[in-house]
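The values are calculated or read from the model by the stated rules, or taken from the named source; none is laboratory data. Everything numeric here is computed off the predicted structure, so don't read it as measured data. Quick reminder, even Gly has a Cβ in these numbers, built from the backbone with ideal geometry, and neighbours come from all protein chains shown. SASA here: full protein model, heavy atoms, side chains in, ligands and nucleic acids out. Shrake-Rupley method; radii C 1.70, N 1.55, O 1.52, S 1.80 Å.
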Amino acid sequence: MAALELRDLSFEVFESIEIEGKAIDPARTNDGSIDRKGNPAIRACSGGWKSAILLLVNQGLATLAFFGVGVNLVLFLTRVLQQENADAANTVSKWTGTVYMFSLAGAFLSDSYWGRYMTCAIFQLIFVVGLVLLSLSSWLFLLKPAGCGDGELDCTPVSTIGIAIFYLSIYLIAFGNGGYQPTIATFGADQFDETDPTERRSKTAFFSYFYLALNLGSLFSNTILVYFEDTGKWLIGFWTAAGSASLALLLFRLGTPGYRHFRPSGNPLTRVAQVFVAASRKWDRKVPDGGEKLYELEGTESAIAGSRKMVHSNEFLYLDKAATITREDLCAEIINTDPWRLCTVTQVEEVKRVLKMLPIWLCTIIYSVVFTQMASLFVEQGATMDTNMAHFHIPPASMSAFDILSVAAFIFFYRRIIVPVAARFSGNPKGLTELQRMGIGLVISMLAMLAAGTVELERLKRVASPSERSSLSILWQIPQYVLIGASEVFMYVGQLEFFNGQAPDGIKSFGSSLCMASISLGNYVSCLIVSIVMSITTRDNSPGWIPENLNVGHLDRFYFLLAGLAAVDLVVYIACAKWYKYVEFENVGAEKENDVDMVRKV
């Protein structure tokens, strides 16, 4: 009878339905998301692809702005600020590393205090200010005479104040973009309810489209803007980037009424400290077998705001002492819930989860070392090749367009071909696990370095004079860019899904920032490797592997060195991946999902 009555009713006419003693509201989300007023989010009025697409456009425009500066920065440093090749490559690596290191600051503020929406808005504003300041400083202090920095007309020496404002502006850009990047990725994923089967599939697809938007946004920078900048029209590139970032911020604000939000969960550093302090206080206590007698709150709510409960795991058992109930914790049959003495299982598992992810994260750093060469040494290598095709000059930095096109093609290839085929054999609806995808990305990155080294060998063979460019066409760089793009689809998209999915609910932005921090450390490690290589190879008056004039160096050996490091890293990664166990949550979400499905069927 109830079934017949429900068939004739829309979900909007009642606030909730009770099934097996549980209140289920099919009109609202069940993952704890709220609207901007703090009320439970309503599906029809918030989130979903309507909000997600707006955020994807926002990401594309912001990426266009970022790469409008970053993709040609190495040439700006050598042509305008007159730095040497190795110094310019290291400057770019340090700057790029700083961009992604700031992602940790954005993630911390997002998860702890500001929430993802406010964090995105504030850091985007800083990003815009940095771009405007760069444009103004270039116009007023750096690009003198007009049109200089095109590879033909030299710029006059830059004043100290000009250099100071330049570095202030690019590091404001680094701060703004770095704090914004991981938060916008997580905020976009927040627009989909994991407890709903359809929205859960959309959430998985979102990360692929997010990375696609990132690459398509940079396509304009890598083709049109880079051409203007390469010919000395730097101001056009910088002002276009500033305008694109401003438009991105405006669109982000326009979508405010329809976003879904999650409340910040408080300072995670405090929760981590509480676990270690509580465990150390009970260092001599025995942990109950199996974890069933460890302390946890009753009901479905977690002690961490906005977080689901996590199932006890058998790794890092020493930390379980923090959730072990002792006689000192009991007072008149009431448990002393001071978290500095007694933590819940979920709080302990949050710390364990971070510790488990760290080895995987460390293994991704060498990949980022390989990836960062695309913005530095690939460009410098291309600048010493034949850049003319008929009567058209190909800007060396524009070759990264092939990386972007490769990303777009391989995302389509992966989702439409690899996933269905792999799912048929593995039984996993995703086709490959995130860890498998990341391993494949490492393998392809090795092939990219081998291709780059081979091209460099051929380039050197076609150098008639050390003072002249090689006659080898720059188009021979296409394979190394395509391979880097293919590796990104497996490695970086896999990282976004892995760290966001495996991070506890209270530190989701931190999970996304791990991907960015990997790129950051990859850039710093790249600087270190370049410095060590140059220190060793410049002995006895040798020009070294990466000299000012690449025609007298051995850039090929550096590429082959990176391929070897990636091979060693792959072996370590495989061992870490075999050891890793995926996170398990209590079946609260699954129960809600089944309840909602029952309502819909009725």
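Tabulated values for the structure
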{"item": "Cα shape, segment 469-548, gyration tensor, a/c 1.5 rule", "result": "oblate"}
{"item": "Extension gain (nm, one decimal) between residue 144 and residue 37, 0.36 nm per residue minus Cα-Cα", "result": "33.3 nm"}
{"item": "Solvent-accessible heavy-atom area per residue, rounded to whole Å², over segment 212-305 at 1.4 Å", "result": "49 Å²"}
{"item": "Shape parameters for segment 363-503, alpha-carbon atoms, Rg then Dmax in Å", "result": "17.5, 59"}
{"item": "Carbon and sulfur %, accessible surface of segment 62-158 computed with the full protein complex present, 1.4 Å", "result": "65 percent"}
{"item": "Helix-only mean residue ellipticity at 222 nm for the chain, each DSSP H run of n ≥ 4 adding -39500 (n - 2.57), per residue, nearest 500", "result": "-20000 deg cm²/dmol"}
{"item": "Protection-proxy order for peptides 220-231, 132-143, each taking the mean of Cβ atoms within 10 Å per residue, highest first", "result": "220-231, 132-143"}
{"item": "Accessible area per residue in Å² at 1.4 Å probe, computed on segment 400-551", "result": "39 Å²"}
{"item": "Percent of Cα pairs exceeding the 19 Å cut-off, where the set is segment 67-226", "result": "62 percent"}
{"item": "Size-normalised alpha-carbon gyration radius of segment 313-419, reference 2.2 N^0.38 Å", "result": "2.07"}
{"item": "20 Å tail of the calculated P(r), segment 92-184, as % of Cα pairs", "result": "45 percent"}
{"item": "Descending semi-axes in Å of the chain, equivalent ellipsoid built from Cα gyration tensor", "result": "47, 27, 23"}
{"item": "Heavy-atom accessible surface of segment 422-542: percent carbon and sulfur, 1.4 Å", "result": "64 percent"}
{"item": "Accessible carbon and sulfur surface of segment 173-309 relative to its total accessible area, %, 1.4 Å", "result": "62 percent"}
{"item": "Segment 329-430: trypsin sites (Lys or Arg not before Pro) in DSSP coil with no more than 15 other Cβ atoms inside 10 Å", "result": "430"}
{"item": "Where Rh is the Kirkwood radius over Cα pairs, Rg/Rh for segment 40-80", "result": "1.38"}
{"item": "Extension reserve of the residue 256-residue 561 stretch, reckoned as 0.36 nm per residue once the Cα distance is removed", "result": "105.0 nm"}
{"item": "Accessible heavy-atom area order of 573, 100, highest first, probe of 1.4 Å", "result": "100, 573"}
{"item": "Intensity falloff of segment 199-303 expressed as log10 I(q)/I(0), Debye formula with alpha-carbon point scatterers, at q = 0.15, 0.21 Å⁻¹", "result": "-0.92, -1.22"}
{"item": "Dipole-positive endmost among 136, 466, 101 within the chain (Cβ charges, Cα centre)", "result": "466"}
{"item": "Nearest-0.05 FRET efficiency for residue 426 and residue 223, computed from C-beta distance (R0 35 Å)", "result": "0.35"}
{"item": "Point-to-point label distance, residue 281-residue 314, nm (Cα→Cβ direction, 7 Å offset)", "result": "2.9 nm"}
{"item": "Peptide ranges 145-152, 281-288 listed from the most packed, as the mean C-beta count within 10 angstrom indicates", "result": "145-152, 281-288"}
